[in-house]
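Scroll down for the structure; my scribbles are underneath it.
All of the numbers you see were taken from the coordinates with simple rules; none came from a lab. The model shown is predicted, which means the values in this text are computed figures rather than measured ones. Quick reminder, even Gly has a Cβ in these numbers, built from the backbone with ideal geometry, and neighbours come from all protein chains shown.
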Amino acid sequence: MTRKIHLKAMLVLKSKLMMMTYLFRSIQDAIDEVAIKQVAHEACLDEVLNYGSD
């Protein structure tokens with residue numbers, strides 16, 4: 001009986017860990033997307049600021 005409870009607890013922990021991993025990856029993807037947009041925005045801003053200086 002104790003073994004069954006232990007096994008069930010391990011399965012619950014594993015599923016929670018997998019959910020946290022998925023959540024972390026989603027957050028990481030969102031951060032990467034924001035960083036890419038930030039770099040693109042800065043490049044665009046540089047273009048605008050340096051437009052007439054050639």
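Under the rule of -39500 (n - 2.57) per DSSP H run of 4 or more residues, summed and divided by the residues of the chain, what mean residue ellipticity at 222 nm is obtained, to the nearest 500 deg cm²/dmol? Display every interim value, and only then the final one.
Working: 1 runs with 48 residues, N = 54.
Calculated at 222 nm, the ellipticity per residue is -33000 deg cm²/dmol.
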Of every Cα-Cα pair in the chain, the percentage lying beyond 19 Å is 60
Taking Cα atoms, the helix 2-49 axis meets the longest principal axis of the chain at an angle in degrees (rounded to 10) of 0
Given unit charges at Cβ for Lys, Arg (+) and Asp, Glu (-), the dipole magnitude of the chain about its Cα centre in debye, nearest 20, is 1260
